[in-house]
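Q: The structure is given below, and queries will be raised subsequently.
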C-alpha cells in the first residue's frame, strides 16, 4: 500500500464529502489515484453527498442548549442550503443533538483543520516531556506521543468526537448521513460554550455525565 499526503486526503474530502479516515483508506487502496478513490467511495456508499459538499450553505439555525438550570449554555450555528430544510424535523433534531454534544464534551474546535500548528506543537511538547520523565526509550516515547496527540485531537474537535447518543458514530458521520438523507449540504459552522464560573476557582463536577444523565444517555467508557 502506498503512502498518501494530507493534501490528497483533504482534496478527496472536499470532492466527495466523505470522512477524512474514509478518504485516506480509499486513496491507500487505489494507490493514490484520485478518480479511482472517488469511485471507491461511491461504491462503498460513502460519497452520497459528493455533489452536495461544494454547494453554498447559508441558511440554517442557531440552536441552544441550557443545562443544570443555567450552569452550562451552548449556542451553535449549523448551516444548510434552504430555509425549508432549516425547518425540517431531522435537521432541527440534529442541531439540538449537536448543542447537547458540545455541552457534554466541551470541544474546542469544530474540525482538525482549525487547530493551529503552534497549539499542536505545545501539546506535543507537553506529551514528550511526560514520556521522557516516565523513562521510556526515545523510539517508544515518540510512538506514544503520536498516538496520544491523535487521541487528543479527536477529543477537542467536535466532528471527530463519538456521538453521545451513539458512540459507534462520530458527529461527522451523523452529519454526512443527514446530508445524504435530506439532499442538502450541511455544515457545523461555529459554536460557543459557557460554563458558570469558568476560569474561577470552584468545586469540580462531571458536567459531561450530568448532561448525559439528563438526556437519558449512557456515557461512553
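The values are calculated or read from the model by the stated rules, or taken from the named source; none is laboratory data. If you're wondering where the values come from, they're calculated on a predicted model, not measured in any experiment. Neighbour counts are summed over all protein chains in view; Cβ atoms, including those assigned to glycine, are modelled from backbone coordinates with ideal geometry.
Q: Would you mind stating whether residue 105 is assigned by TED's automatic domain parsing to the domain that holds residue 180, within 19 Å of the chain's Cα centre (by Cα), surrounded by 12 or more Cβ atoms within 10 Å (Cβ to Cβ) and within 16 Å of residue 170 (Cβ to Cβ)?
A: Numbers: assigned by TED's automatic domain parsing to the domain that holds residue 180: yes; within 19 Å of the chain's Cα centre (by Cα): yes; surrounded by 12 or more Cβ atoms within 10 Å (Cβ to Cβ): yes; within 16 Å of residue 170 (Cβ to Cβ): yes.
When the stated conditions are applied, residue 105 passes them.
Rundown of residues vs (1) at pLDDT 95 or above; (2) surrounded by fewer than 14 Cβ atoms within 10 Å (Cβ to Cβ); (3) farther than 16 Å from residue 156 by Cβ; (4) assigned by TED's automatic domain parsing to the domain that holds residue 165, yes/no style:
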| residue | (1), (2), (3), (4) |
| --- | --- |
| 48 | no, no, yes, no |
| 70 | no, yes, yes, yes |
| 75 | yes, no, yes, yes |
| 85 | no, no, yes, yes |
| 101 | yes, no, no, yes |
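Q: To continue, here is another question. For the range 136-150, enumerate the residues that are closer than 17 Å to residue 126 by Cβ and not in a helix (DSSP H, G or I).
A: 136
Q: Right, something else. Scan the range 3-32 residue by residue and report those that are in a loop (DSSP other than H, G, I, E, B) and surrounded by fewer than 14 Cβ atoms within 10 Å (Cβ to Cβ). Please lay out each step first, then the result.
A: Narrowing the range 3-32 to residues in a loop (DSSP other than H, G, I, E, B): 3-5, 17-19, 30-32.
Result: 3, 5, 31.
Q: Against the definition (in contact with a helix residue (DSSP H, G or I) (Cβ under 9 Å, 6 or more places away or on another chain), assigned to a strand (DSSP E or B) and either without any contact (Cβ under 8 Å) to a residue 60 or more places away in the chain or surrounded by 15 or more Cβ atoms within 10 Å (Cβ to Cβ) (or both)), how does residue 62 come out, yes or no? Steps first, answer last, please.
A: On the way: in contact with a helix residue (DSSP H, G or I) (Cβ under 9 Å, 6 or more places away or on another chain): yes; assigned to a strand (DSSP E or B): yes; either without any contact (Cβ under 8 Å) to a residue 60 or more places away in the chain or surrounded by 15 or more Cβ atoms within 10 Å (Cβ to Cβ) (or both): yes.
For residue 62, the condition - in contact with a helix residue (DSSP H, G or I) (Cβ under 9 Å, 6 or more places away or on another chain), assigned to a strand (DSSP E or B) and either without any contact (Cβ under 8 Å) to a residue 60 or more places away in the chain or surrounded by 15 or more Cβ atoms within 10 Å (Cβ to Cβ) (or both) - is met.
Q: From the set of residues in the range 191-205 that are within 12 Å of residue 71 (Cα to Cα) and part of a loop (DSSP other than H, G, I, E, B), which is modelled with the lowest pLDDT? Lay out the reasoning, then the answer.
A: Of all residues in the range 191-205, those within 12 Å of residue 71 (Cα to Cα) come to 193-198, 205.
Okay, now just the ones that are also part of a loop (DSSP other than H, G, I, E, B), so 196-198, 205.
Values: 196: 90, 197: 87, 198: 82, 205: 57.
Out of the qualifying residues, it is 205.
Q: In this structure, is residue 178 touching a helix residue (DSSP H, G or I) at 6+ places or on another chain (Cβ under 7 Å), surrounded by 15 or more Cβ atoms within 10 Å (Cβ to Cβ), in a helix (DSSP H, G or I) and assigned by TED's automatic domain parsing to the domain that holds residue 89? Spell out how you get there, then give the answer.
A: On the way: touching a helix residue (DSSP H, G or I) at 6+ places or on another chain (Cβ under 7 Å): yes; surrounded by 15 or more Cβ atoms within 10 Å (Cβ to Cβ): yes; in a helix (DSSP H, G or I): yes; assigned by TED's automatic domain parsing to the domain that holds residue 89: yes.
So residue 178 fits the description; yes.
Q: Something else now. Scan the range 181-190 residue by residue and report those that are crowded, with 16+ Cβ neighbours inside 10 Å, at pLDDT below 95 and either more than 14 Å from the chain's Cα centre (by Cα) or outside any loop (DSSP other than H, G, I, E, B) (or both).
A: Of the residues in the range 181-190, the ones crowded, with 16+ Cβ neighbours inside 10 Å are 182, 184-188.
Still in the list and also at pLDDT below 95: 182, 184-187.
Result: 182, 184, 185, 187.
Q: State the number of residues belonging to the range 71-106 that are in a loop (DSSP other than H, G, I, E, B) and closer than 25 Å to residue 194 by Cα.
A: The initial filter retains those residues of the range 71-106 that are in a loop (DSSP other than H, G, I, E, B), namely 71, 81-82, 87-88, 106.
Okay, now just the ones that are also closer than 25 Å to residue 194 by Cα, so 71, 106.
The total comes to 2.
Q: Same structure, new question: Going through the range 147-175 one residue at a time, which ones are in contact with a strand residue (DSSP E or B) (Cβ under 7 Å, 6 or more places away or on another chain) and loosely packed, with under 15 Cβ neighbours inside 10 Å?
A: 169, the sole residue that qualifies.
Q: Among (1) under 19 Å from residue 105 (Cβ atoms); (2) in a helix (DSSP H, G or I); (3) modelled with pLDDT under 80; (4) not assigned by TED's automatic domain parsing to the domain that holds residue 64, where does residue 220 come up short?
A: Checking residue 220 against (1) under 19 Å from residue 105 (Cβ atoms); (2) in a helix (DSSP H, G or I); (3) modelled with pLDDT under 80; (4) not assigned by TED's automatic domain parsing to the domain that holds residue 64, the one that fails is (2).
Q: Taking residue 81 as meeting all but one of (1) within 19 Å of residue 180 (Cβ to Cβ); (2) touching a helix residue (DSSP H, G or I) at 6+ places or on another chain (Cβ under 9 Å); (3) surrounded by fewer than 22 Cβ atoms within 10 Å (Cβ to Cβ), write down the number of the exception.
A: Failed condition: (2).
Q: Just the residues that are within 14 Å of the chain's Cα centre (by Cα) and assigned to a helix (DSSP H, G or I), please, taken from the range 108-126.
A: Going through the range 108-126, the residues within 14 Å of the chain's Cα centre (by Cα) turn out to be 108-115.
Result: 112, 113, 114.
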